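Since the structure comes first, as structure tokens, the remarks are kept for the end.
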Amino acid sequence: MVGRAVAEHLRLGFVDTGLMYRTCTLAVLESGVDPQAADAVTVVVRGLDLDLQWPELSQPHVYLSGVDVTARLRTVEIERAVSFVSGIPEVRDELVRRQRALAERLPIVMAGRDIGTRVLVEARTKIFLEASTEIRARRRLGDELDSRRQTTFERVLQETRHRDEMDDSGQRALRREQAAPDAIVVDTDVLGIDQVVERCLEAYRAVNPS
């Protein structure tokens with residue numbers, strides 16, 4: 001939500017890299033490949049015709065072979081498998097390459113756990129949003145319910161903890177000490193969305209005064 005709001009304010013395209021990993025997971029599941037079979041998954045991902053387009057700057061749509069699959073990326077099956085796919089180093093290498101290509105194509109706001117530390121290390125504005133597991137789960141629950149998906153806080157909390165465990169490989173920033181050295185850390189636990197967005201915009205304007 002923060003990344004989308006910042007992109008709207010700045011009139012820039014928004015890239016949620018998580019959507020790209022979910023799209024890869026969708027393709028893997030539809031191909032019949034086991035999400036934990038690293039070599040086979042890598043072959044599928046490297047062969048994908050995957051693209052992002054922006055009918056609205058803050059709402060990227062993801063396309064596979066020219067077909068918009070955005071509405072299909074929040075299923076339980078993808079939720080269960082995405083951490084396996086995203087945890088494969090060769091898959092991450094491939095998507096980092098694609099994410100960098102997107103950033104070269106147009107100015108963007110990019111959200112993800114390895115953006116400042118790996119994908120766009122040269123970015124002038126890096127922000128690490130810190131929040132407790134419970135707060136993140138409650139926020140995610142709100143998003144799920146707003147999208148009319150049936151779930152519970154307990155399930156979302158379990159999924160959040162599982163994702164953290166899978167992502168805690170040293171390649172992605174989960175805690176402030178893992179953030180890029182030049183990142184601005186914003187503790188969001190006691191801040192509303194508007195306050196967090198304003199902190200991010202202040203950080204951006206500080207290094208982009210024009």
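Looking only at residues in the range 169-210 that are among the polar types (S, T, N, Q), out of contact with any Leu (no Cβ under 8 Å at 6 or more places or on another chain) and in a loop (DSSP other than H, G, I, E, B), the one that is surrounded by the most Cβ atoms within 10 Å (Cβ to Cβ) is 171. Scoring residue 26 on the criteria (1) in contact with a Leu (Cβ under 7 Å, 6 or more places away or on another chain); (2) in a loop (DSSP other than H, G, I, E, B) leaves a single failure, condition (2).
Against the list (1) in a helix (DSSP H, G or I); (2) over 13 Å from the mean Cα position of the chain (by Cα); (3) more than 14 Å from residue 20 (Cβ to Cβ); (4) of a type outside the set (D, E, K, R), the condition residue 123 fails is (1). Is it the case that the range 120-131 has a residue that's exposed (fewer than 15 other Cβ atoms within 10 Å of the Cβ), more than 18 Å from residue 14 (Cα to Cα) and modelled with pLDDT under 90? Within the range 120-131, not a single residue is exposed (fewer than 15 other Cβ atoms within 10 Å of the Cβ), more than 18 Å from residue 14 (Cα to Cα) and modelled with pLDDT under 90. Of all the residues in the range 1-26, those that are over 13 Å from the mean Cα position of the chain (by Cα), crowded, with 21+ Cβ neighbours inside 10 Å and either of a type in the set (Gly, Ala, Ser) or closer than 23 Å to residue 131 by Cα (or both) number 3.
The set of residues from the range 157-167 being more than 15 Å from the chain's Cα centre (by Cα) and surrounded by fewer than 17 Cβ atoms within 10 Å (Cβ to Cβ) comprises 158, 161, 162, 165. Residue 109 meets each of the listed conditions (1) in a helix (DSSP H, G or I); (2) touching a Phe, Trp or Tyr at 6+ places or on another chain (Cβ under 6 Å) apart from (1).
Each residue in the range 183-205 was checked for being small (Gly, Ala, Ser) and touching a residue at least 12 places away in the same chain (Cβ under 8 Å), and 2 pass. What single numbered condition from (1) among the acidic types (Asp, Glu); (2) part of a loop (DSSP other than H, G, I, E, B); (3) within 15 Å of the chain's Cα centre (by Cα) fails to hold for residue 34? Result: residue 34 passes all but (3). Inside the range 62-95, residues that are part of a helix (DSSP H, G or I), under 20 Å from residue 161 (Cα atoms) and at pLDDT 90 or above make up a count of 7.
For the range 44-58, a residue qualifies if it is surrounded by fewer than 14 Cβ atoms within 10 Å (Cβ to Cβ) and in a helix (DSSP H, G or I), and exactly one does: 46.
Take the residues in the range 129-141 that are in a helix (DSSP H, G or I) and more than 17 Å from the chain's Cα centre (by Cα); name whichever of them is farthest from residue 187 (Cα to Cα). Among residues in the range 129-141 that are in a helix (DSSP H, G or I) and more than 17 Å from the chain's Cα centre (by Cα), the one farthest from residue 187 (Cα to Cα) is 138. Could you go through the range 183-197 and let me know if any residue there is in contact with a His (Cβ under 9 Å, 6 or more places away or on another chain) and either modelled with pLDDT of 85 or more or not polar (S, T, N, Q) (or both). Yes, there is a match, as at least one residue in the range 183-197 is in contact with a His (Cβ under 9 Å, 6 or more places away or on another chain) and either modelled with pLDDT of 85 or more or not polar (S, T, N, Q) (or both). Selection of the range 90-135 for residues being without any contact (Cβ under 8 Å) to a residue 12 or more places away in the chain and within 20 Å of residue 49 (Cα to Cα) yields 93, 97, 101, 104, 105. Look at (1) in a helix (DSSP H, G or I); (2) exposed (fewer than 12 other Cβ atoms within 10 Å of the Cβ); (3) in contact with a strand residue (DSSP E or B) (Cβ under 8 Å, 6 or more places away or on another chain) and you find that residue 154 fails only one, number (3).
The values are calculated or read from the model by the stated rules, or taken from the named source; none is laboratory data. Since this is a predicted model, take the numbers as computed values, not measurements. Virtual Cβ from ideal backbone geometry, glycine too; neighbours counted across all protein chains shown.
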